[in-house]
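Since every read-out is calculated from the coordinates, none of them should be taken as a lab result. The model shown is predicted, which means the values in this text are computed figures rather than measured ones. All Cβ positions, glycine included, derive from the backbone under ideal geometry; neighbour counts span all protein chains shown.
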Amino acid sequence: MTKRVLAIGEVIVEIMATSLGRGFSEPIALVGPFPSGAPTIFIDQVARLGVPASMVGAVGNDDFGLLLRERLACDGVDIVGLRSIPHAATGSAFVRYRPDGDRDFVFNIHDSAAARVVLDEKTRSVIAQCHHVHIMGSSLFSPQMVSVIQAAVDDVKKRGGSVSFDPNGRKEMLDKPGMRDALMGFLAQTDLFLPSGEELTALTQAQDEAGALAELLDLGISAVVIKRGGAGASYCDRQTRIDVPGLKVNEIDPTGAGDCFGATFVACWLTGRIPEECLRLANASGAMAVTRRGPMEGTASMLELEAFLATRMMEMNT
């Protein structure tokens, strides 16, 4: 049986500046809207790979919400759990890239439809059909959202399912009341942990990679996958460590690359591929994602990923 994957969280649009700069303190040219939201990008990529995928979230009854619903449904995501909230605006993020590659964001999530996810019978029925829950740290922005995700994790784990967790959080999130406790609680229920860079040590006492990995595995986590962007990625469990190098591509927009990487690794892991194969395909997924403008425009099918990876491997060997 192919496991159905569930994501819960922010379903938003992204609108980006067409020029480099610092912030939005003056009128500038913008492009968008693009479908976005870390859990949204993740679940769309899972569906593109042919793995059953469901999304629980909320959008407004507006053009942005329609755009998001149509895109997810077109890519194969089950959107029964994606509500349209009357008289609420769809969540949004405005993004501007700085000359050094860092980004400035203006978010409308907390006061948007994206924050109005509830644990009712419809949500419970969607959860009951799923066998794996993916948690995004960025989605833990309110006690209500934490509560819904916790209910999903409890239900899926009770039925023998599994959990993956991408901390995907900004540093300031750790300072919010109860946030660290929520993150640690989910970490204790995680089977597959997918941090990027310094996120590896954000929730551990150890501040070095080896110590952090040992501490995380001692919690009962089955495997840790470290995302390193253009530098590649690593897979670690109690018996194995696998490192793969990055793939050289022309980067246009890095937003969403880590979400595509995580989605591809999780999808491959759930379908029984060996860790090295999961890692290489996930690496290819992240690399493909950065070659397109828009956080969800670089999602790919398995055939596209395999062809892309084969081409890059041939180039590296010549």
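Considering only C-alpha atoms, what is the centroid distance from the range 119-168 to the range 187-218, in Å?
Their Cα centres are 21 Å away from one another.
With a ≥ b ≥ c taken as the square roots of the eigenvalues of the C-alpha gyration tensor of the range 248-289, please select rounded if a/c is under 1.5 and otherwise prolate if a/b is larger than b/c or oblate if it is not?
In terms of gyration-tensor shape, oblate.
Set Lys and Arg Cβ to +1 and Asp and Glu Cβ to -1, take the dipole of the chain about its Cα centre, and tell me which of 101, 290, 308 lies farthest positive.
Working it through, the farthest residue towards the positive pole turns out to be 308.
Which residue, 20, 187, 279, has the most motion in a Gaussian network model of the chain that connects Cα atoms within less than 10 Å?
It is 20.
Let me know the whole percent of all Cα-Cα pairs from the range 226-270 that are separated by more than 13 Å.
64 percent
In what sequence, highest mean first, do 282-288, 260-266, 119-125 appear when ranked by Cβ atoms within 10 angstrom?
Descending mean neighbour count gives 260-266, 282-288, 119-125.
What pairs in 157/227; 122/227; 122/157; 3/248 have C-alpha atoms more than 27 Å from each other?
Table pairs above 27 Å Cα-Cα are 122/227; 3/248.
Post the alpha-carbon centroid distance, the range 252-318 to the range 9-72, in whole angstrom.
A separation of 19 Å, based on Cα centres.
What is the projected area of the convex hull of the Cα atoms of the range 83-159, averaged over all directions, in nm²?
6.5 nm²
Modelled label-to-label distance, residue 122 and residue 184, 7 Å Cα→beta-carbon offset: nm?
3.7 nm
Cut-off 10 angstrom, C-alpha nodes, Gaussian network model of the chain. Which of 243, 181, 191 fluctuates the most?
Answer for the Gaussian network model of the chain: 181.
Could you list the GluC sites (Glu not before Pro) in the range 235-287 that lie in coil according to DSSP, counting only those with at most 15 other Cβ atoms within 10 Å of their Cβ?
Of the GluC sites (Glu not before Pro), the ones in loops of the range 235-287 whose Cβ has at most 15 other Cβ atoms within 10 Å are 251.
Relative to the Cα centre, what is the charge dipole magnitude of the range 207-318, using +1 at the beta carbon of each Lys and Arg, -1 at the beta carbon of each Asp and Glu, and rounding to the nearest 20 debye?
200 debye
Quick one: work out the % antiparallel among DSSP beta bridges in the chain, nearest 5.
40 percent
Semi-axes, largest first, in whole Å: what does sqrt of 5 times each Cα gyration tensor eigenvalue give for the chain?
Value: 26, 24, 20 Å, ordered largest first.
What are the trypsin sites (Lys or Arg not before Pro) within the range 178-278 that DSSP puts in a loop, where the Cβ has at most 14 other Cβ atoms within 10 Å?
238, 248
Counting other Cβ atoms within 10 Å, which trypsin sites (Lys or Arg not before Pro) in the range 20-90 have at most 15 and lie in a DSSP loop?
Qualifying residues, ordered by number: 22.
Given labels modelled 7 Å from the Cα in the Cβ direction, how far is it in nm from residue 74 to residue 105?
Going by the 7 Å Cα→Cβ label model, 2.5 nm.
Could you compute the FRET efficiency for residue 18 and residue 311, with r as their C-beta to C-beta distance and R0 at 25 Å, rounded to 0.05?
Computed FRET efficiency for residue 18 and residue 311 comes out at 0.25.
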